[in-house]
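Worksheet: the structure to be examined is printed underneath.
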Amino acid sequence: MNPKLISLTINGSTHQVALSPNTTLLHALRDLGHTDVKSGCEKGDCGACGVLIDGVVVNSCLLLAWLAENKELVTVAGLGTPDKPHPLHKAFVDLGAAQCGYCIPGMILSAKALLDQHPQPTDEQIRESLSGNLCRCTGYVRIFEAVRVAAQELGSTLPE
Amino acid sequence: MLSTNTHILFSEFEYHAPTTVNEVAELLSEYGDSARVMAGGTDLLVQMKMERRRPAHVISLQRINELHTITQNGALTIGAATAIRALDQYVTLNHPSLGARLESLSAACNLFSSVQIMHMATLGGNLCNASPAADTAPVLLTCDATVTIKSKTAEKTVPLADFFVGPGKTILGPNEFVTYIQIPLPAQNTGSAFRKISRVVADISQVCAAVTIVRDGNIVQDARIALGSVAPVPFCAEQARAALVGETFGPELAEHVGNLAAQEIKPISDVRATSAYRRSVAFVIVRDALMQAWDNCG
Ligand SMILES: Cc1cc2nc3c(=O)[nH]c(=O)nc-3n(C[C@H](O)[C@H](O)[C@H](O)COP(=O)(O)OP(=O)(O)OC[C@H]3O[C@@H](n4cnc5c(N)ncnc54)[C@H](O)[C@@H]3O)c2cc1C
Ligand code: FES
Ligand code: FES
């Protein structure tokens, strides 16, 4: 089982990493320091390990890292910085949508994938987009509201 | 037996990423039982983490373009590695006219777990994993779907009804894999519906049911009824079907047929539901699916 040199493009920067085929994308990312990608259930149920691959949200615990070669990967830290937060970051903070915060990176990425496709989502679409992200703390209400607020915020800044 | 999720893939394997179906057939003929095809990996990687499977060779279908495409000429021919989400989008975008006729398929795709899993999980993987709870299986059974199976030396197309052997078991030999799934385009006067009961929406079925009805005036000209999670393999309710075909449709008939279906299934009790619960909801969802499918008939 020989490691191979793989090139992973994460939040715009490209890394060359030697990985064996049984490394999941989740652990490849965390080993590279991207600990904003969380390990929860490790079997596809919780969404904490969510990552955008070419704009599509997937659970990185069920993806071999080799399959992510030459794709654009985005983690929650790739959406903005503390100085220039993404409207989703800002809305989650403003509304107090996070408690322990463990589920939040996955939540925000699911919401990002939704808003990229549907800038003005219906409540139903918001619920669907978050249905694969489990939260043990909040009861989801503020998370849901934060996505709504971010959608409004993004909508008001969209060019006509 | 309770197995724990080791969280990492302990098992070592050689990874193959062929770009043609012939290469897959070659690899399978070389490695046979020690190899496993991987489509989306949403079942296989969980099984490997739980050490229930330890393939020495993993053959990924991700780079085989033709297995990700859907074509249409009298039938929908769906590449086995087509993701559930892509299939749903194809049907919704390209076949608005087929909407009601293939509503069961769209509904099964829409109720399939979460968005993340819909993007990863494939139609072929859902069938080949052969879980009695696979959501697309009852739908495809009621669509008279066929599967094309390939090996290095042969290719054959078999009815899906002959494909499942037992929980986790199909007729696939160690050298064989599925290339395509075909769904004959349903006639004008066809309607279908799918119902699923699960703990939360993004969960695996406790019971699911699919129905297709061909309507002639007030009469049921032809019909199919199939259920998931109620028997060792996806289950065709033949007695219920016999009581439906040729009859004048109405709520009483739907009720009667729902009852027959609930009687002929063979549900077990497991972590997801008891046998008695499965039987009582099977009645409800078959009845409701029949009513909806009838409404959907053009
Ligand atoms: C969180 C979660 C939620 C889920 N929810 C649902 C749900 O709501 N409904 C549902 O039905 N399922 C559900 N599943 C199960 C799973 O996602 C589906 O069964 C999925 O369709 C499997 O497809 P895959 O491409 O990921 O299969 P893989 O894991 O790649 O493969 C599954 C099995 O089939 C074999 N295989 C795959 N493709 C082929 C082929 N072309 N030829 C021969 N063998 C092949 C593999 O060797 C393996 O044994 C869920 C899974 C998870 C993790
Ligand atoms: S850790 Fe990947 S879905 Fe839970
Ligand atoms: S905030 Fe703690 S899990 Fe969601």
Expected field for residue B:156, accessible surface area in Å² at 1.4 Å probe radius, rounded to 10, holds 90 Å²
From highest to lowest solvent-accessible area (probe 1.4 Å; ligands, DNA and RNA excluded), B:165, B:271, B:214, B:91 read B:271, B:165, B:214, B:91
Taking the alpha-carbon centre of each part, the distance from the stretch B:184-198 to the stretch A:41-106 in Å is 36 Å
The FRET efficiency for residue A:16 and residue B:218, from their Cβ-Cβ distance with R0 = 45 Å and rounded to 0.05, is 0.05
Residues from the stretch B:36-58 losing no less than 20 square angstrom of accessible surface in the full protein assembly compared with the chain alone, 1.4 angstrom probe, ligands and nucleic acids excluded, are B:38, B:45, B:46, B:49
Violations at 23 Å Cα threshold for listed pairs A:71/B:196; A:71/A:112; A:4/B:49; B:156/B:266; A:38/A:112; B:150/B:196 -> A:71/B:196; B:156/B:266; B:150/B:196
Chain A: antiparallel bridges as % of DSSP beta bridges, rounded to 5, reads 90 percent
Given unit charges at Cβ for Lys, Arg (+) and Asp, Glu (-), the dipole magnitude of the stretch B:190-296 about its Cα centre in debye, nearest 20, is 420 debye
Each label sits 7 Å from Cα toward the beta-carbon; between residue A:148 and residue A:94 the label points are separated, in nm, by 1.4 nm
Expressed in square angstrom to the nearest 10, the accessible area of residue B:67 with a 1.4 Å probe stands at 0 Å²
For residue A:134, the accessible surface traced by a 1.4 Å probe with all protein chains present amounts, in square angstrom to the nearest 10, to 90 Å²
Computed about the Cα centre, the charge dipole of the protein assembly as shown from +1 Lys/Arg and -1 Asp/Glu charges at the Cβ has a magnitude in debye, to the nearest 20, of 760 debye
With 0.36 nm assigned to each residue of separation and the Cα-Cα distance removed, residue B:50 to residue B:14 gains 11.1 nm
The distance between the Cα centres of the stretch B:7-53 and the stretch B:60-79, in whole Å, is 20 Å
Tilt, helix A:104-117 to longest principal axis of chain A (alpha-carbon atoms), in degrees rounded to tens, equals 70 degrees
Distance in nm between residue B:73 and residue B:171 label points, each 7 Å along Cα→Cβ, equals 2.5 nm
Output for the stretch A:72-138: trypsin sites (Lys or Arg not before Pro) sitting in coil per DSSP, at most 15 other Cβ within 10 Å, listed by number, reads A:136
The answer for the stretch A:68-160, accessible area per residue at 1.4 Å probe in Å², is 56 Å²
With +1 at each Lys and Arg Cβ and -1 at each Asp and Glu Cβ, the charge dipole magnitude of chain B around its Cα centre, to the nearest 20 debye, comes out at 500 debye
The answer for the net charge of residues other than residue B:36 whose Cβ lies under 10 angstrom from its Cβ, with Lys and Arg +1 and Asp and Glu -1, is +1
When B and A pair up, the total accessible heavy-atom area removed from solvent (1.4 Å probe), in Å² to nearest 100, is 2200 Å²
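The values are calculated or read from the model by the stated rules, or taken from the named source; none is laboratory data. In this text the structure is predicted, and so the values were computed from the model without any measurement. No Cβ is skipped: glycine too gets one built from the backbone with ideal geometry, and neighbour counts run over all protein chains shown. SASA here: full protein model, heavy atoms, side chains in, ligands and nucleic acids out. Shrake-Rupley method; radii C 1.70, N 1.55, O 1.52, S 1.80 Å.
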